[in-house]
Amino acid sequence: MASERTFSILKPDATRRNLTGAVNAVIEEAGLRIVGQRRIRMTRAQAETFYEVHKERPFYGELVEFMTSGPVVVQVLEGENAVAKYREVMGATNPAQAAEGTIRKKFAESVGENTVHGSDSPENAKAEIAQFFQDSDIAA
Ligand code: ADP
Ligand code: MG
């Protein structure tokens, strides 16, 4: 499998608890390279667009609230099979179900405030990266 890129967010619960470095250490130890990284405050419009697929879910309002409640770190990660690899490194959405050693098992507080986002397909990774990064900022 060729080198691939995925999109990651360190969510507000991570920045609030000063966990940027600790989460990045897990990412890098897993062999994923952080090739783009920026700390931002997401606007409501950005969060709504980003999570549009979940618009009809009961937690959508709460999710948008949470994602705009504090700074986040948006990232582009690169490596072999990066999309699937990062999903593995993150662990299950609900930290109570996340495997030992995963970011969510180590750090997440709840199913909503679960520390990290990672793209779920190469197609979505491309679209999500394009929402937050200029091509020139993440040139190889
Ligand atoms: P993942 O982030 O693992 O891809 P989903 O795409 O299903 O998970 O959900 C997106 C985000 O919505 C989750 O990471 C989490 O922050 C939030 N979320 C998911 N399920 C719930 C839930 N049952 N209650 C509250 N928030 C949720
Ligand atoms: Mg998802």
Output the number of residues of region 16-51 satisfying the condition of being more than 19 Å from Tyr86 (Cα to Cα), open to solvent by less than 100 Å² (accessible area, probe 1.4 Å) and in a helix (DSSP H, G or I). 5
Can you confirm whether Glu62 is touching a strand residue (DSSP E or B) at 6+ places or on another chain (Cβ under 8 Å), of a type in the set (Asp, Glu) and touching a residue at least 24 places away in the same chain (Cβ under 8 Å)? no
If we ask which residues in region 3-15 are open to solvent by 10 Å² or more (accessible area, probe 1.4 Å) and either among the hydroxyl-bearing types (Ser, Thr, Tyr) or at pLDDT below 95 (or both), their number turns out to be 2
Residue tally, condition away from ligand 1 (no atom under 16 Å from the Cβ) and under 17 Å from Asp120 (Cβ atoms), over region 26-77: 2
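In the set His54, His117, which member is more than 23 Å from Leu19 (Cβ to Cβ) and touching a Phe, Trp or Tyr at 6+ places or on another chain (Cβ under 8 Å)?
It is His54.
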Which residue pairs have Cβ atoms closer than 7 Å, lie 6 or more positions apart in sequence or on different chains, and pair a first residue in region 23-49 that is small (Gly, Ala, Ser) with a second residue that is open to solvent by 40 Å² or more (accessible area, probe 1.4 Å)? Ala30/Lys85; Gly36/Asp137
Only one residue in Gly118, Gly112 is touching a residue at least 40 places away in the same chain (Cβ under 8 Å), closer than 16 Å to Glu78 by Cα and within 11 Å of ligand 1 (Cβ to nearest atom), so which one is that? Gly118
Mind checking which residues of region 54-68 are touching a helix residue (DSSP H, G or I) at 6+ places or on another chain (Cβ under 9 Å), within 16 Å of ligand 2 (Cβ to nearest atom) and part of a helix (DSSP H, G or I)? His54, Tyr60, Leu63, Val64, Phe66, Met67
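The values are calculated or read from the model by the stated rules, or taken from the named source; none is laboratory data. Predicted, not measured: the structure shown is a model, and the values here were computed from it. Cβ sites come from the backbone with ideal geometry, for glycine too, and all protein chains shown count toward neighbours. Only protein heavy atoms, including side chains, enter the accessible area calculation; ligands, DNA and RNA are left aside. Shrake-Rupley method; radii C 1.70, N 1.55, O 1.52, S 1.80 Å.
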